[in-house]
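**Student:** Before we start, here is the structure in question, set down as structure tokens.
The values are calculated or read from the model by the stated rules, or taken from the named source; none is laboratory data. Everything quoted here is computed from the prediction, not taken from an experiment. Reconstructed Cβ throughout: ideal geometry from the backbone, glycine too, with neighbour counts over all protein chains shown. Ligands, DNA and RNA are stripped out before the accessible areas are found, and what is left, the full protein with its side chains, is counted by its heavy atoms. Shrake-Rupley method; radii C 1.70, N 1.55, O 1.52, S 1.80 Å.
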Amino acid sequence: MRKLYVFDTTLRDGEQSLGITLNAREKIEIARQLVSLGVDVIEAGFPASSPGDLESVSKIAKEVKGVTICGLTRAVEQDIDICAQALKQAEAPRIHTGIGVSPVHMEKKLKMTPEQVIERTVAAVKYAKKYVHDVEFYAEDSFRSDRTFLVKVLEKAISAGATVINIPDTVGYASPWEYGELIAFVMNQVKNIDQAVVSVHCHNDLGMATANALAGIRNGAGQVEGTINGIGERAGNTSLEEVIMAVFTKPTAYGVESRINTREIAPTSRIVARITGVSVPDHKAIVGANAFMHASGIHQDGVIKDRDTYEIIKPEDIGVPQNTISLSARSGRHALQHRLEELGYPVEGADLDDVYERFLKLADAKKEIFDQDLFALMGDKESFTESIQVKNMSFATNLSKIATATVTLELNGVETTDAATGNGLVSALFNTIGRITGNTAGVEDYAVKSVTRGNEAIGEATVKLRNDKGALVVGKGFSTDVIEASAKAYINAVMKSR
Ligand code: KIV
Ligand code: ZN
């Protein structure tokens, strides 16, 4: 078996494309979880793109160990200088530099000749090498490039010192056999290819990013790039969890093995969805809520007789343990702690007291507590802001559709009451909280969905605010009362936008 290196770009190709700015604390939380998952490389950002990205990459480089930390650059000295500065404290730094190689990128975007692109490639790799040993070169839009030219660029990049060669299908145009052929071609035609690892980087415009990446792996690639939950530019990137589980389920079909701890897949997916605000569709492969649900009678009957009839992956293998005990208001602290631990939330001491108190309140509202309730409970704890608490809310509305909300908030221990109108309950609620908190960021998006089962289901509210710098921030709130969940989500977003 060949080793498959897993390169996660959730914090770069994933985050950059969402229009959402994750702060350094959020990025570090995701990065730490990626280390638990066992990825080999974390692409932490594009440091030259903004001061915020520079700060996040620097902090991740300083605080997240046991993994290669990578930063993206254009093939420009200034980008490389900034990236090297951001990676200074990384245990294992990698600079990922590159340039467009397809005719449309060279002529229209870069306005450069192929010779100039080669010159820039060599200069950039050599320049990055002055700072770090580990330099990855991306040949952007490789799939639409002229093959003879591509081989030339890659040979020059490797001779200049590139340790990894990234062959992106930047626009998601390839079909699996075509992308597989491209990787085989690179493996056979690039003379010095044995001196570098070949990396696959696919986009999902035609829904083939995972299939294309796997075809590349089958044909010799030693590294796969992608994001958790497949988030990313336009239709997204390759979903790393899909590639990992394809290889885990059928290692001999691909001839590779990774060092991923598959049991951390579900917790990682949940953390990324919560922090980015990008929900996972119920039917999403591997990590969707329905991925292990059997709805039809025939399927249920089969699974009861033998799970192999309709299940190719054991839920436990991706970190969804089988539920053996059902929790309710009668469950003790220890039973709750045990189940949370199984779900990937080790809590103890004062934290456990706090969670148990919330659990009892929830159990009063709902008879039975399911795992989804516990996820929501933990999500609520993580988005909870101690310095602002909702003390009271009341509403008046009539058929004119103008609603009035009166809200009392406790801000750093001081209670303030105010009222405002809006063209509906939620709009009045947000306007009132906005007045009390002095928030000026506008609501860009708002959604509520039920995240658990039953009449007393927990609602998850997501509020996206656009701050003065044009960045989107995401707030989450959870409650069995959707208005309360909305208020919490709005407050969470206000706190983050400051
Ligand atoms: O899709 C792409 O080509 C990229 C490169 C910048 C690596 O994301
Ligand atoms: Zn990309």
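**Student:** Anything in region 269-310 that is open to solvent by less than 30 Å² (accessible area, probe 1.4 Å) and of a type in the set (D, E, K, R)? List them, or say none.
**Tutor:** Of everything in region 269-310, just one residue is open to solvent by less than 30 Å² (accessible area, probe 1.4 Å) and of a type in the set (D, E, K, R), namely Lys284.
**Student:** Shifting gears a bit: State whether one or more residues within region 225-245 are charged (D, E, K, R), open to solvent by less than 50 Å² (accessible area, probe 1.4 Å) and either within 16 Å of ligand 2 (Cβ to nearest atom) or touching a strand residue (DSSP E or B) at 6+ places or on another chain (Cβ under 6 Å) (or both).
**Tutor:** For region 225-245, residues charged (D, E, K, R), open to solvent by less than 50 Å² (accessible area, probe 1.4 Å) and either within 16 Å of ligand 2 (Cβ to nearest atom) or touching a strand residue (DSSP E or B) at 6+ places or on another chain (Cβ under 6 Å) (or both): present.
**Student:** Please list, ordered by residue number, the helices (runs of 4 or more DSSP H) wholly in region 1-65 having 3 or more residues that are free of Cβ contacts under 8 Å to residues at least 40 places away in the same chain and farther than 24 Å from Glu241 by Cβ.
**Tutor:** In region 1-65, the matching helices (runs of 4 or more DSSP H) lie at 51-63.
Each row is one residue, and each column tells you yes or no for (1) in a strand (DSSP E or B); (2) open to solvent by 20 Å² or more (accessible area, probe 1.4 Å); (3) under 12 Å from Ala376 (Cβ atoms).
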residue	(1), (2), (3)
Thr440	no, yes, no
Val443	yes, yes, no
Ala447	yes, yes, no
Thr452	no, no, yes
Glu460	yes, yes, yes
Val463	yes, no, no
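**Student:** Need pairs with beta-carbon distance below 6 Å; first residue at pLDDT 95 or above and within region 144-169, second assigned to a strand (DSSP E or B) and small (Gly, Ala, Ser); sequence gap 6+ or separate chains.
**Tutor:** These pairs meet every condition: Val153/Ala139; Val164/Ser199; Asn166/Ser199.
**Student:** Just a yes or no: is a residue in region 247-268 among the acidic types (Asp, Glu), open to solvent by 40 Å² or more (accessible area, probe 1.4 Å) and in contact (Cβ under 8 Å) with a residue 40 or more places away in the chain?
**Tutor:** Yes, region 247-268 contains at least one residue that is among the acidic types (Asp, Glu), open to solvent by 40 Å² or more (accessible area, probe 1.4 Å) and in contact (Cβ under 8 Å) with a residue 40 or more places away in the chain.
**Student:** I would also like to ask the following. Determine, yes or no, whether Ser269 is more than 28 Å from Ser142 (Cα to Cα) and of a type in the set (Gly, Ala, Ser).
**Tutor:** Yes: the conditions hold for Ser269.
Yes/no per residue for (1) surrounded by fewer than 18 Cβ atoms within 10 Å (Cβ to Cβ); (2) under 29 Å from His294 (Cβ atoms):
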site	(1), (2)
Gly319	no, yes
Pro346	yes, no
Asp371	yes, yes
Leu374	no, yes
Gln389	yes, no
Ala403	no, no
Glu415	yes, no
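**Student:** Now for a different question. Looking at Glu225, Glu233, which is the one that is within 16 Å of ligand 1 (Cβ to nearest atom) and either farther than 27 Å from Gly180 by Cβ or at pLDDT below 95 (or both)?
**Tutor:** Glu233
**Student:** I've got another one for you. Among the candidates Ala123, Ala128, Ala139, which residue alone is open to solvent by less than 90 Å² (accessible area, probe 1.4 Å), over 23 Å from Phe7 (Cα atoms) and in contact (Cβ under 8 Å) with a residue 40 or more places away in the chain?
**Tutor:** Going through Ala123, Ala128, Ala139 in turn, the sole match is Ala123.
**Student:** A further question follows. Look at Gly100 and say whether it is of a type in the set (Gly, Ala, Ser), touching a helix residue (DSSP H, G or I) at 6+ places or on another chain (Cβ under 7 Å) and within 13 Å of ligand 1 (Cβ to nearest atom).
**Tutor:** So Gly100 fits the description; yes.
**Student:** Looking only at region 203-212, which residues are of a type in the set (A, V, I, L, M) and assigned to a loop (DSSP other than H, G, I, E, B)?
**Tutor:** Within region 203-212, Leu206, Met208 meet the criteria.
**Student:** Let me ask something additional. Within region 69-118, how many residues are part of a helix (DSSP H, G or I), closer than 21 Å to Pro168 by Cβ and not basic (Lys, Arg)?
**Tutor:** 13
**Student:** Looking for whichever is open to solvent by 10 Å² or more (accessible area, probe 1.4 Å), in contact with a Phe, Trp or Tyr (Cβ under 6 Å, 6 or more places away or on another chain), more than 16 Å from ligand 1 (Cβ to nearest atom) and of a type outside the set (D, E, K, R) here; the options are Ala90, Ala84. Which one fits?
**Tutor:** Ala84
**Student:** Among what's in region 80-101 and is within 24 Å of the chain's Cα centre (by Cα) and closer than 12 Å to Arg120 by Cβ, pick the residue that is farthest from ligand 2 (Cβ to nearest atom).
**Tutor:** The extreme case among them is Thr97.
**Student:** Residues that are under 21 Å from Asp8 (Cα atoms) and outside the structural domain of Ala447 (by TED's automatic domain parsing): list the helices (runs of 4 or more DSSP H) wholly contained in region 265-358 that include at least 2 such residues.
**Tutor:** The helices (runs of 4 or more DSSP H) meeting that bar are 265-276.
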